[in-house]
1. Tell me which of these Gln22 doesn't satisfy, since it passes every other one: (1) more than 25 Å from Gln147 (Cβ to Cβ); (2) surrounded by fewer than 17 Cβ atoms within 10 Å (Cβ to Cβ).
2. Could you tell me which residue of region 5-29 is nearest to Val85 (Cα to Cα), considering only residues that are more than 22 Å from the chain's Cα centre (by Cα) and outside any helix (DSSP H, G or I)?
3. Considering every residue within region 153-173, establish whether at least one is of a type outside the set (Ser, Thr, Tyr), free of Cβ contacts under 8 Å to residues at least 40 places away in the same chain and in a strand (DSSP E or B).
4. Write out, first by first residue and then by second, each pair whose Cβ atoms fall under 8 Å of each other, whose residues are 6+ apart or on separate chains, and whose first residue, in region 71-83, is without any contact (Cβ under 8 Å) to a residue 12 or more places away in the chain while the second is assigned to a loop (DSSP other than H, G, I, E, B) and not polar (S, T, N, Q).
5. Considering (1) at positive phi; (2) touching an Asp or Glu at 6+ places or on another chain (Cβ under 7 Å), say which one Gly59 fails and leave the rest.
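Throughout, read-outs are computed from the coordinates displayed, never taken from laboratory work. Bear in mind that the values here come from a model prediction, so they are computed numbers and not experimental data. Glycine also receives a Cβ, built like all others from the backbone with ideal geometry; neighbour counts cover every protein chain displayed.
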Amino acid sequence: MSTFPEQPYASIGSYCDDYLAQLARAGGSIDHDKLAAAGDILNQAFQRGAWLYVCGNGGSAAIANHLLCDFAKGIQTDTKLLPRVISLSANLELITAIANDIAFEDCFVYQLRTAARAGDVLLTISSSGDSENIVRAVEWAGDNGVQSIALTGFDGGRSARQAAINIHVTGDNYGVVE
């Protein structure tokens, strides 16, 4: 598989067609059984009042924060569903304090140690699956009774191998994977 895009495009229409084809291939690569298993974990967690912690870096942090919004506001509006979701990527002050005083690699695990309990769920979003702060969070979750779901691309990295469930998207372009 080559990196997309391989060359500049003469027209936005051609780029759009190729980009949408890349998205379709990436979407078609998702294992539906793993997706269903992740859905079951989340459904059961919400039914028992457990918390979902989400995290990512860069664009994946934006996705984590947007997921929080979708769950906390979107799902709850006009329903009786009350998912409990926290984005570990949302508190810039806390993240930078941990990064400055301790280590950036611990910015998510530090928050998990403070708040997460056995039976909660961690959802990580990492295109490479190898960001050290993501890997450490998944490791901590596994050691502390917190189920982990990794959303990954590229080769999935270490978090794909360590998470309870890895939902992998085939692709080598951050924009397509995210």
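1. (2)
2. Among those that are more than 22 Å from the chain's Cα centre (by Cα) and outside any helix (DSSP H, G or I), it is Pro5.
3. Scanning region 153-173 turns up no residue that is of a type outside the set (Ser, Thr, Tyr), free of Cβ contacts under 8 Å to residues at least 40 places away in the same chain and in a strand (DSSP E or B).
4. From residues that are without any contact (Cβ under 8 Å) to a residue 12 or more places away in the chain, the pairs are Ile75/Leu81; Ile75/Pro83; Gln76/Leu82; Gln76/Pro83.
5. Failed condition: (1).
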